[in-house]
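Here the structure comes first, spelled out in C-alpha cells, and everything after it is commentary.
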Amino acid sequence: MDIKLNQKVIKDLCGTVSFKRGDAFYRAGKVEFTDNNEHWVKATVTGADVFKVTVTKSNDSHFTTDCTCPKLASVTHECQHVAAVLLAILDEQKQRTSNAIKNYDRPVNALAEGLLNIFSNESRRTSGHQLHFETRKILNTVFGIGPVEASDQQMMLGVTMNIGPIKIEDISEFLKNVANRQSAILSDLFTYDPKLHCFQNDIDSIIKILIQIVHDSELSLQDENDFSTLIIPPSFWQQLVPLLKKAPEVLFIEAGEVTGQFQVSTERLPLLFNFEKGTDKDYSLKIAGISNLIVLHKYNLIWMKTQLIQLSTEDCSRLFELKNMLAQSRTDSIPILQDQMGFFVEKVVPGLRRIGEVQIDGDITKQFLTEPLIPKLYLDRVNNRLLAGIEFQYGKIVFNPLEDREPKVNSLLIRDMVREDQILELLDEGSFAKTDGGYFLHNEELEYEFLYHVMPKLQKLVQVYATTAVRNRIFREPARPQIRVKVKK
Ligand SMILES: [Zn+2]
C-alpha cells in the first residue's frame, strides 16, 4: 500500500505521547502485519493486550485508521497502536525504495568491486566476510568467556578463542596478526592466512574490539602463565555484550571446563539471609549461597558458573564487600548483638532484600512491627486536573512518602522498600508534576496515558480510591460497529 507518510504526518495524527509509545512498540518488534495489500494494511500490536489496527487507503494516497483499543471519547489524537503501525508502514516503504535503488545500482557496484579486487592492494581485504566476490573460507570461531584472576588478584572476565577444534594458545599474538593481515601458525596442520580465511561478520566485530583491547591494555593485565586468555577491561564489556549475544557460539568456561552458553540475566540471586536467635540474647545472620558465586564487581556482574547476573552498581559493591568480609573472617555467619538488631532490621534488611531472600526468625519479628505494606492511591479531579495522593500504611503507621520517605516512628518497622520503590517509580512514569504532598497531571493527553497505561500496573500494587469525577472519565462502553458506504459516481 502506498500512502503519503512521514514522521511529521504520524506525529500530527497521533500526538507526541502516542508517537513516542508507538515508536517504542514498533522498535520492540510488537507490530505484526496480518494483511498488507494495495488497499489496506491490517496489523496487530501486542502490548499488555493485543489490539488490531487497520489502515485503509482512501483516494489520493490519503488514509483512515482504526484501532480496537478503548479510547477516551474526549481524546482527539490517534492511539499509540496506530502510531506503531504507521511507523512500521513508513519503514517498509523506505525499505522498498532503497532496495529499488540498490538493485538498480548493483551491476555497476559489483563490477567496480570486482575490478578493484583483481588489482587490489591487500589492504582492501578486511578480516570480515564480504558480500560480493568472497572466495575465502569462513572460519568456524567459538569464544569462551569466564572468570580469571588478574595479576592484582582481582577477579576479571577473560575471553578465549577457538578456531574449529584448535584452541588459540596466544590470543594477543593472533589478534595482532589478524590486525596486521599476517598469517599465523595455529597448529601443525593449520595456518591462518588472511588471503584464504575470513570471519563471519558478527565474529569480525568482536575480533575488532578484542584487537582494540590488545592495543590498549597494559601488560600487567595479562596472565603470565596463560596466554590463551585475554582479560576484558570492564570499560569494553558493555560494547561486547550485544555482539557476544549475536555471535553463533559463545560458551561459559570456568577453570577450563565448559559450563554453559553465554547469557546475561537479571534474575534474582539464589542467596538466603537468615536472621536467627543465637545463644543467650544475641542473634546471628546466616548467609547461604554466597560461596558459590564470584563477584565481578568492576563489571557489576555475578558469575554463577552457568550464568552471569547483572546487578546495579550499589548492590554489586555491597555484595562484593560482604563476600570479602565473610571470606576474611572465614565464616558464613555474622553475630549481631541484641541492641544492634534494630539497626540491622531497619537499615540492612531492605538492602539485603534487593540481592536475595531474607528470612527473620519468629522470635525476632515479635519485637518489630512486621505489618504488611498497604499502599493507597487517592484520585480526584479538581479544576480539570487529575490529582493523585499516595499513602503508605504499615499497621497503625501511615505516612505520605512524598512528604517524608523516612518517617520517624516509635517502634521498629520492617519496610517493604522494593514495593515502595516500584510504586513511586510507576507514579514517576505517569509524568505527574509533584506538589507538596501530592501529584497532579496538567493535560488531558497525560491523563489518558495514566488512566490507560499506568493504572493497570498500579492496580496490581496499590489500593485505588477514585472519586466519581475520575471514574466518569474512563470510557467503558463497548465499541459500536461502524458501517462505511462508498458511492461511486
Ligand atoms: Zn489503539
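None of the figures in this text is laboratory data; all of them are computed from the coordinates on show. Keep in mind that this is a model prediction, so the values were computed, not measured. Note that we place each Cβ from the backbone using ideal geometry, even for glycine, and neighbour counts take in every protein chain shown.
Secondary-structure-derived ellipticity at 222 nm for the chain, considering helices only, amounts to -10000 deg cm²/dmol, per-run term -39500 (n - 2.57) for DSSP H runs with n ≥ 4. Placing +1 on the Cβ of every Lys and Arg and -1 on the Cβ of every Asp and Glu, with nothing else charged, gives the chain a dipole about its Cα centre of roughly 2380 debye. Under the criterion of Cα pairs below 8 Å and six or more residues apart, the relative contact order for region 168-262 equals 26 percent. In the chain the Cα-Cα distances spread across 20 Å bins starting at 0 as 17, 34, 37, 12, 0 percent of all pairs.
The Kirkwood radius of region 272-365, taken over pairs of alpha-carbon atoms, gives through the Stokes-Einstein law at 4 °C and 1.567 mPa s a diffusion coefficient of 93 µm² s⁻¹.
Is there a pair in K11/K57; K11/K460; K30/K305; K167/K245; K11/K486; K195/K245 whose C-alpha atoms are over 25 Å apart, and which pairs would that be? Can you show the working numbers first?
Details: K11/K57 18 Å; K11/K460 32 Å; K30/K305 33 Å; K167/K245 21 Å; K11/K486 28 Å; K195/K245 28 Å.
In this structure, K11/K460; K30/K305; K11/K486; K195/K245 lie more than 25 Å apart at Cα.
Could you please rank W40, W303, placing first whichever residue has the fewest other Cβ atoms within 10 Å of its Cβ?
Details: W40 15, W303 22.
Ordered by Cβ neighbours within 10 Å, fewest first: W40, W303.
Relative contact order for region 373-471: what percent, with Cα pairs under 8 Å and sequence separation of 6 or more? 39 percent.
Each principal axis of the Cα atoms in region 7-96 has its own extent, and those three values, largest first, are 32, 26, 22 angstrom. For region 375-406, the list of trypsin sites (Lys or Arg not before Pro) that fall in a loop by DSSP and count at most 15 other C-beta atoms within 10 angstrom reads K396, R405.
Based on a Kirkwood Rh over C-alpha pairs, give the Stokes-Einstein translational diffusion coefficient of region 137-262 at 20 °C and viscosity 1.002 mPa s in µm²/s. Provide the component values of the computation, followed by the final result.
Working: Rh = 14.8 Å.
The estimated diffusion coefficient comes to 145 µm²/s.
Taking the number of Cβ atoms within 10 Å of each Cβ as an exposure proxy, the fewest-first ranking of E276, E406, E78 is E406, E276, E78.
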